[in-house]
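Below is one structure, written out as structure tokens, with a few remarks after it.
Here, each number is a calculation from the coordinates, and none is a lab measurement. This structure is a prediction, so every number in the text was calculated from the model and none was measured. Don't worry about glycine lacking a Cβ; one is built from the backbone with ideal geometry, like all the others, and counts go over all protein chains shown.
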Amino acid sequence: MQETLDKCSRIPLPEQLKKILLNRIEQGYYKPGERIDTIRKLAETFKVSSLTVQKACKLLEEEHCLISMPQSGMFVPENFFERPQTPMRVVFAFPEVEISPQVLDMENWAMTNELNRGLLAGAQENDLKIDFLHIPTGGNIRERFQRAEMIRANYDSAIFFGSQLMDIQLELASGGFPVYSVCADPDKNNSNLTFVFYDQERAIELVVESAMKSGAEKLAVFSSTQDFYYNIGNYQKEDLKNFRSRPSLFLKLCKKHGIERSGIQYHIFDENNRCTISQRLKENHGAFIFCNNAYLVRDIYVAAYENNMIPGKDFQIMAIASGITFTGLIPSLSYVRVPLYEVGLQLIRMAHRKFRNPGADIRWEPVQPEIVLNETSKLKNKNKECI
């Protein structure tokens, strides 16, 4: 339980002291019906002015957590634990102002939408207030600090998406303000932020397990991004420990199953060579293809049509996504679902528990992904042609 004031913090001292006194009441240090320490004693204990203590007590009075009795002091209300709880206030800050290929591709937009649905469901479940706040990128340092101060003054915690607005995230977290950063891979070197993520390695494991069960003649990776370890042929065990991108994890787990890098075709498609997908697909007839970028799946289906190839028969394919990009594909696609709805829901639940019990050791448990089977696989799950 926090019992010290940080005089270097941007959080006003009365606000800090208010939280300490409230924690004391909630933890039973001051019991309902009892008088708390005098203003003079509190000022001496926390080495602040009497005015600071009075301001903190006034804040608690306004929230019906203390009662002032002239000539007698400040008392904890008898019905303290029966009082209406002050709703938690959460903000989700983001820099995007529009949905466009330059900002969010279709699949990323879909996953962001799933996260938002989870946050709203969690807010409704826990009866708390959540705001969606647009903060543009850019601006000078003074403006960025002002935005951080505004969040700190008006909310109890903040949610950000990955590295977006990282300077504001770090500024808030440096003062002890609860910041939740939704990401694919947590930054273990930054302990001030609470990283929220799904189990990406398990998602890749599901893809590799499907590949192993498929009976495919060969494996391939289709990606739109250059992987740092792409040119490493005979990679060693020590090289694998820092593999964190999806293709890198795929290579790592394939090696675990005895499949060397040299046995996996790796194709990168950017805006300059997307037209070659048809030829590469023809070369990978009979392969199991891990599609690293979900939006490439539609291009692959078009290329299959051009080559008179049938997905699920002439080649097998799996991606990791929310699934909205695959709507309307025939035949339908089995895929590993990114559980961002569940991430948003669990995030709000955790933040609310932490808000109600600040001293509790509450940690994030990665949300588990799942395989969503296409209709044919549901009916004929043993038919290995239908992946």
Show that you can apply the helix-only estimate: for the chain, add -39,500 (n - 2.57) for every DSSP H stretch of four or more residues, divide by all residues, and state [θ] at 222 nm to the nearest 500. -12000 deg cm²/dmol
Just want the ordering: 288, 197, from fewest to most Cβ atoms lying within 10 Å of their own Cβ. 197, 288
Just to confirm the number: angle between the C-alpha axis of helix 50-62 and the first principal axis of the chain, 0 to 90 degrees, nearest 10? 70 degrees
Less than 19 Å apart at the alpha-carbon level, and either on another chain or at least 8 residues along: which aspartates and glutamates does that give for residue 7? 15, 44, 149, 171
Using the beta-carbon distance between residue 79 and residue 187 and R0 = 35 Å, what value does 1/(1 + (r/R0)^6) give for FRET efficiency, to the nearest 0.05? 0.20
List the aspartates and glutamates whose Cα sits under 15 Å from the Cα of residue 255, skipping any in the same chain fewer than 8 residues away. 201, 205, 209, 238, 239
In degrees between 0 and 90, to the nearest 10, how far off the longest principal axis of the chain does helix 200-214 point, with axes built from Cα atoms? 20 degrees
Taking the 0 to 90 degree range and rounding to the nearest ten, how far is the long axis of helix 296-306 tilted relative to the main principal axis of the chain, both from C-alpha atoms? 20 degrees
DSSP-loop trypsin sites (Lys or Arg not before Pro) across the stretch 161-221, with at most 10 other Cβ within 10 angstrom: 188
Here the equivalent ellipsoid of the chain, derived from its Cα gyration tensor, has semi-axes (largest first, whole Å) of 53, 20, 19
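Sum up the charges of everything whose Cβ sits under 13 Å from the Cβ of residue 141, counting Lys and Arg as +1 and Asp and Glu as -1, but leave residue 141 out.
Surrounding charge for residue 141 is -1.
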Going residue by residue through the stretch 63-72, the Karplus relation 6.51 cos²θ - 1.76 cosθ + 1.60 with θ = phi - 60° gives ³J(HN,Hα) values, rounded to whole Hz and with x marking Gly or Pro, of 9, 6, 9, 9, 10, 8, 10, x, 6, 10
Filter the cross-link list 55/129; 256/354; 31/188 down to pairs whose alpha-carbon distance in this structure exceeds 29 Å. 256/354; 31/188
Can you sort 205, 62 so the residue with the fewest Cβ neighbours within 10 Å comes first? 62, 205
Calculate the tail of P(r) for the stretch 291-355: the fraction of all Cα-Cα distances greater than 18 Å, expressed in %. 46 percent
A convex hull over the alpha carbons of the stretch 13-82 yields, per residue, a volume in Å³ of 77 Å³
